[in-house]
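To start, the structure under review is shown below, and the notes come after it.
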Amino acid sequence: MNPVSTETLCSVCIANYNGNEVIEDCLRSVFAQDCNFPFEVIVHDDASTDGSMDIVRERYPMVKVIASEENVGFCISNNRMVEIAAGQNILLLNNDTVLFPDALRTLHEHTARRTDAGIVGLSQYDICTKKLIDMGSLCDLFLNPIPNLDSARLDVAMVCGACLWISKGLWIELGGLPAWFGSLAEDMHLCTLARLRGHPVQVLPTSGFFHHIGKSLGGGRVLDDNRLVTNISRRVLSERNKSRVIILTYPAPILLFVLPIHLLFLVFEGALLSLIKWDRDLFFDIYLSCLQSLWHQREILFQLRREIQAERTINCRSFLYPFQIIPYKLKLLYRHGLPDFKRK
């Protein structure tokens with residue numbers, strides 16, 4: 001059901017950009033939810049050019065629509081939706097996802113049982129193969145997400161921003177998504193920030209959602225022949241934003257150890273890939289641009305870091321609980337070999 005009232009318990013916020021192939025399946029799954037509480041649906045359109053918003057307006061007139069005249073990115077899109085949301089809780093939902101029928105009920109019941117539900121996610125499945133992708137993610141020390149496949153492990157480092165549940169009060173406390181991130185790792189930043197302030201980040205394995213892997217931003221997926229394919233634009237955003245999260249959120253004793261190694265690994269990885277692929281642009285476009293961006297923003301980053309660390313309530317041991325020591329990129333290299341890079 002979806003009656004919108006002042007007692008709305010949940011606002012489903014869907015960021016859309018050129019999603020004419022997926023948006024209807026997403027909305028159909030939302031309005032088919034098996035739950036007995038009122039919720040609303042908000043769609044922010046990021047200046048789409050494919051007619052996807054015509055589908056929303058014509059077939060789902062009950063949806064609140066925010067139509068942006070310019071492309072502002074995932075973070076700003078979600079911040080705008082949450083700002084007008086009437087729900088006590090927020091579900092950030094990608095336009096290329098399909099919810100299980102009991103997803104909203106499962107999330108709401110979990111929240112109702114706890115005074116501090118923190119950030120909550122669901123099991124994520126590949127929509128094409130129906131295989132489990134993860135139940136939230138752990139991380140290595142360099143913030144590469146490691147899929148959690150243990151249904152007994154509820155506490156994780158992060159849950160995917162494609163389906164992320166959070167109370168509006170906690171969202172406001174954390175400041176929402178960092179608008180200057182653009183896209184990628186914004187969910188990692190939000191989850192890490194929540195954990196720093198003592199709020200749990202958990203996954204509920206009893207429900208889930210299907211996801212078009214690699215549909216958004218391209219790349220980041222394993223092909224049928226076991227090759228890993230990624231997109232240069234995606235890697236640029238990923239390496240830059242993960243580095244920002246490390247600088248902003250890691251407690252000082254951990255940062256002093258991890259950051260120099262992380263930066264050296266970026267240089268080494270970029271040089272090695274460029275040499276093996278015989279493509280010098282890989283080093284300059286991805287790795288050098290990341291280092292240059294961090295250097296140019298160093299004063300802003302460390303000012304923000306001081307503000308964030310002043311609010312930290314957990315110790316280093318608690319912070320490291322969902323981390324693993326072995327770099328996840330080494331495991332990927334062993335399983336899939338060097339990734340193929342697409343220009344677009």
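Values in this text are rule-based calculations from the coordinates and carry no lab data. Note that the structure is a prediction, hence the values are computed from the model and not measured. Neighbour counts run over all protein chains shown; Cβ positions are idealised from the backbone, glycine included.
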Q: Assuming R0 = 41 Å, can you tell me the calculated FRET efficiency for the pair I326 and N36, based on Cβ-Cβ distance, to the nearest 0.05?
A: 0.35
(Q) For Cα pairs less than 8 Å apart in space and 6+ apart in sequence, what is the mean separation divided by the residue count of the chain, i.e. the relative contact order in percent? (A) 17 percent
(Q) Just checking my list (i) 19.1, 56; (ii) 20.5, 62; (iii) 19.7, 60 against Rg and Dmax of the Cα atoms in Å computed from this structure; which label fits? (A) (iii)
Q.
Can you say what percent of the DSSP beta bridges in the chain, counting only those with both residues inside, are antiparallel? Round to 5.
A. 40 percent
Q. What angle, in degrees between 0 and 90 and rounded to the nearest 10, separates the Cα long axis of helix 103-113 from the longest principal axis of the Cα atoms of the chain?
A. 90 degrees
(Q) Using Cβ contacts closer than 10 Å as the measure, can you line up C75, C128, C10, C191 from fewest to most? (A) C128, C75, C10, C191
Q.
Show me, for the range 55-62, the HN-Hα J-couplings you get by feeding each phi into the Karplus relation (A = 6.51, B = -1.76, C = 1.60, θ = phi - 60°), rounded to Hz, glycine and proline as x.
A. 4, 5, 5, 7, 9, 9, x, 6
Q | Spacing of the two label points (7 Å from each Cα toward its C-beta) at D116 and V267, in nm | A | 4.1 nm
Q.
Check which residues have an amide H placed less than 5 Å from I90's amide H, if you skip close sequence neighbours.
A. S11, I166, S167, K168
Q. Listing M188, M62 from the residue with the fewest other Cβ atoms within 10 Å to the one with the most, what is the order?
A. M62, M188
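Can you tell me how the range 247-306 classifies by the Cα gyration tensor, rounded, prolate or oblate, using a/c under 1.5 as the rounded cut?
It comes out oblate by the Cα gyration axes.
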**Q.** Top positive-direction residue, dipole computed over the chain with Cβ charges, set M62, S243, A194
**A.** S243
Q. When we measure straight from the Cα of K168, which aspartates and glutamates land under 13 angstrom away, once same-chain ones fewer than 8 places off are left out?
A. E83, D116
Q: Can you tell me the dipole magnitude for the range 94-224 around its Cα centre, using point charges on the Cβ only (Lys, Arg +1; Asp, Glu -1), in Debye to the nearest 20?
A: 180 debye
**Q.** Euclidean distance of C-alpha centroids, the range 107-138 and the range 154-169, integer Å
**A.** 7 Å
(Q) Along the Cα→Cβ direction, 7 angstrom out, place labels at R57 and L256. What is the inter-label distance in nm? (A) 5.8 nm
Q) With the Cα gyration tensor of the range 10-211 giving a ≥ b ≥ c as the square roots of its eigenvalues, does the rule (a/c under 1.5 for rounded; else a/b larger than b/c for prolate; else oblate) give rounded, prolate or oblate? A) rounded
Q: Assign unit charges at the C-beta atoms only (+1 for Lys and Arg, -1 for Asp and Glu), then state the dipole size of the range 10-211 relative to its Cα centre in Debye, rounded to the nearest 20.
A: 640 debye
Q.
Need the full-extension length gain, C128 to R317, defined as separation in residues times 0.36 nm minus the C-alpha distance. One decimal, nm.
A. 64.2 nm
Q | Nearby aspartates and glutamates by direct alpha-carbon distance to K277 (threshold 20 angstrom, same-chain neighbours under 8 apart not counted) | A | D225, E239, E269, D285, D340
Q) Where does each of 234-240, 172-178 land if you order them by average Cβ count within 10 Å, highest first? A) 234-240, 172-178
Q) Taking the Cα centre of the chain as origin and charging only Cβ (+1 Lys, Arg; -1 Asp, Glu), how large is the dipole, in debye to the nearest 20? A) 1040 debye
Q: Compute the acute angle (0 to 90°) between the alpha-carbon long axis of helix 186-196 and the principal axis of greatest extent of the alpha-carbon atoms of the chain; round to the nearest 10°.
A: 90 degrees
Q) Among R335, R317, R197, which comes first, then next, by fewest other beta-carbon atoms within 10 Å? A) R317, R335, R197
